[in-house]
Amino acid sequence: MISGIDATVYDAQSLPSNDNVNAYAFSIDLDGEWFTSKGAMIAYYGAIELSGLSAYASHAAWVAARFSSPLYAQEWVVASGRGKLVIGDRGNDINSYDLDNGNLTIKQTNLLAFETALELKQSIIPGFVTLIGTGKFLASSNGPVIFVEPPFRADPDALLGWADCPSPSIHYDYHWMSQSLSAGVHAMFGRESGEERQYDFTGAGTVLLQSSEVTRHDPALARIVEQHTHLLTAAAAGVLGHKLIARSQE
Amino acid sequence: MAFESVNSKVVRAQISQQGAVLARRGAMLGYDGNVSFRPLAHAPGAGMITGESNKMMASEGSGSVLYGYRGLYVTVIVLTGDSLSVEADRILAHDASLQTSVEMIAQGGVRSAVRGAMTGQGLFTTRISGHGSVAVLSHGGTFPLQLSGQTVGVDPQAYVGHSGALQVDLKSSVGMRHLVGRGSGEAFQLHVSGHGTVYVQASEEKF
């Protein structure tokens with residue numbers, strides 16, 4: 001028996017049901033299946049099995065219909081069974097969101113888990129995925145989440161996601177843009193504020209920001225870039241290849 | 001216009017034609033309205049000597065801007081004609097109407113040099129004065145200690161800054177005990193005395 005600890009001691013029954021344990025951990029009351037990102041599970045009670053997406057899809061055809069992203073299939077698992085599943089993400093704040101016949105686009109590295117009633121698709125903005133339908137999902141953020149309404153411009157690293165409004169366009173800082181047009185150069189050493197490029201939101205909806213510009217490396221980044229090289233002709237691909245080799249040897 | 005705390009780690013500043021805001025480069029999270037971010041050039045060499053040369057940018061135009069940095073806690077300090085001494089690294093943003101100057105900690109001597117080394121701030125600190133808001137970064141959040149004549153001891157790593165007529169001295173208690181490894185781990189303390197406010201962070205972690 002531990003004494004002297006001024007904290008709640010949980011068991012399988014007293015752990016919250018589909019609610020936050022604290023700001024940094026969330027307890028899912030699992031009865032069926034959830035999609036969870038690899039490494040998001042920190043503890044569980046009950047008979048819960050975590051299996052790789054491709055392994056699970058081999059005997060559950062609906063997985064392919066719900067998880068429409070070959071790019072990220074390796075980063076996700078299916079949690080199935082009954083019990084309490086506790087989700088955490090390196091001390092980042094965790095929030096749960098309910099979608100009601102809606103859609104929300106979120107940075108892939110911040111999405112931790114979602115109900116299988118939701119459909120996941122890749123956003124046309126690289127590194128983001130869109131959830132469509134009705135259901136619950138969990139996302140992490142560095143510091144509390146801030147909700148703002150368009151028109152709004154967000155730092156790409158602080159942007160967590162957006163709901164209901166059109167996908168953003170890119171806005172370049174006026175001061176930087178006018179200088180780069182007059183100078184005719186793109187790289188201007190020492191002339192950058194670190195805020196030249198922002199995502200510009202218009203229309204009606206909600207934009208989600210995290211409290212800092214700290215981001216996680218996206219494991220699919222190289223694959224995203226590689227996918228786009230399919231647009232190149234063989235000759236252009238060769239030129240790019242030479243440039244990349246030269247860079248790797250610098 | 002005073003900065004508004006959005007949460008413990010983010011502040012919102014109103015930008016107008018009359019009131020620009022200076023901020024750490026790269027600390028803008030988002031904004032509405034028409035705001036432009038211009039990198040600030042400083043006198044060449046000045047920063048090299050003092051080490052007080054944080055890269056700053058000016059936010060100009062009209063709108064409201066959110067600032068935050070690396071998930072650190074942000075404290076808003078409003079100056080009304082008084083001045084605040086704080087390390088340049090800790091300044092997230094401040095009204096452009098405030099004056100800043102780099103000054104030496106205390107007036108010379110070996111003792112101030114030792115103090116600079118112990119607090120990790122070096123010999124120089126930034127003094128901000130005038131009327132306006134300053135957003136200060138800290139690890140774990142800051143709390144103010146009001147002083148009216150008494151003396152308070154502060155861990156050098158937990159010291160954030162101070163305002164008012166305060167005397168800051170480094171006291172060491174290095175003796176035989178510390179040399180043989182039986183010290184308390186608090187061999188150096190800052191002794192702050194006088195009339196004013198000293199800001200302390202809830203952590204001994206530097207960033």
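Considering the zone a paramagnetic label at A:Arg223 would reach in this model (a point 7 Å from Cα along the Cα-to-Cβ line), which residues of region A:57-91 have amide N under 13 Å from it?
Under cut-off, by backbone N: A:68-77.
Where Lys and Arg each count +1 and Asp and Glu each count -1, what net charge lies around A:Leu104 among other residues with Cβ under 14 Å from its Cβ?
-2
What's the extension gain from A:Ala12 to A:Ile42 if we count 0.36 nm per residue and subtract their Cα-Cα distance?
In short, 9.4 nm is gained.
To the nearest 500 deg cm²/dmol, what mean residue ellipticity at 222 nm is calculated for the protein assembly as shown from DSSP H runs of n ≥ 4 alone, each contributing -39,500 (n - 2.57), summed and divided by the residues? Working shown, then result.
On the way: 8 runs with 63 residues, N = 457.
When only DSSP H runs of four or more count, the value is -3500 deg cm²/dmol.
How charged is the neighbourhood of B:Tyr73? Take every other residue with its Cβ under 12 Å from the Cβ of B:Tyr73, and add Lys/Arg as +1 and Asp/Glu as -1.
+2
Near A:Pro151, within a Cβ-to-Cβ distance under 13 Å, what is the net charge of the other residues, with Lys and Arg +1 and Asp and Glu -1?
So the environment of A:Pro151 carries a net charge of -2.
Out of the GluC sites (Glu not before Pro) in region A:113-203, which ones are loop residues according to DSSP with at most 11 other C-beta atoms within 10 Å?
Taking region A:113-203 and a limit of 11 other Cβ atoms within 10 Å, no loop GluC sites (Glu not before Pro) are found.
Roughly how tilted is helix A:174-183, in degrees to the nearest 10 and between 0 and 90, from the longest Cα axis of chain A?
Value to nearest ten degrees: 30.
Report, in degrees rounded to the nearest 10, the 0 to 90 angle that the Cα long axis of helix A:234-248 makes with the longest principal axis of chain A.
Tilt relative to chain A: about 80 degrees.
Computed FRET efficiency, Cβ-Cβ of B:Arg25 and A:Asp164, R0 25 Å: what is it to the nearest 0.05? Spell out each step's value before the answer.
On the way: r = 33 Å, r/R0 = 1.30.
With a Förster radius of 25 Å, E is 0.15.
In a Debye calculation with equal point scatterers on the alpha-carbon sites of region A:19-136 and no solvent, what is log10 I(q)/I(0) at q = 0.09, 0.10, 0.17 Å⁻¹?
Cα-only, vacuum Debye calculation for region A:19-136: -0.22, -0.27, -0.83.
Would you please give the FRET efficiency between B:Asp82 and A:Ser58, computed as 1/(1 + (r/R0)^6) with r the Cβ-Cβ distance and R0 = 60 Å, to the nearest 0.05?
On the way: r = 70 Å, r/R0 = 1.16.
Efficiency for this residue pair is about 0.30.
Using the alpha carbon gyration tensor of the protein assembly as shown, what are the three equivalent-ellipsoid semi-axes (square root of 5 times each eigenvalue), largest first, in whole Å?
44, 32, 21
Rounded to the nearest 0.05, what FRET efficiency do B:Gln157 and A:Ala235 have when you use their Cβ-Cβ distance and R0 = 56 Å?
Once the sixth-power term is evaluated, E becomes 0.45.
Which of the trypsin sites (Lys or Arg not before Pro) across region A:62-97 are loop residues per DSSP, with 13 or fewer other Cβ within 10 Å?
A:Arg90
No value in this document is a laboratory result; all are computed from the given coordinates. Since the model is a prediction, treat every value here as computed from it, not as a measurement. All Cβ positions, even for glycine, are placed from backbone atoms using ideal geometry, and neighbour counts span all protein chains on display.
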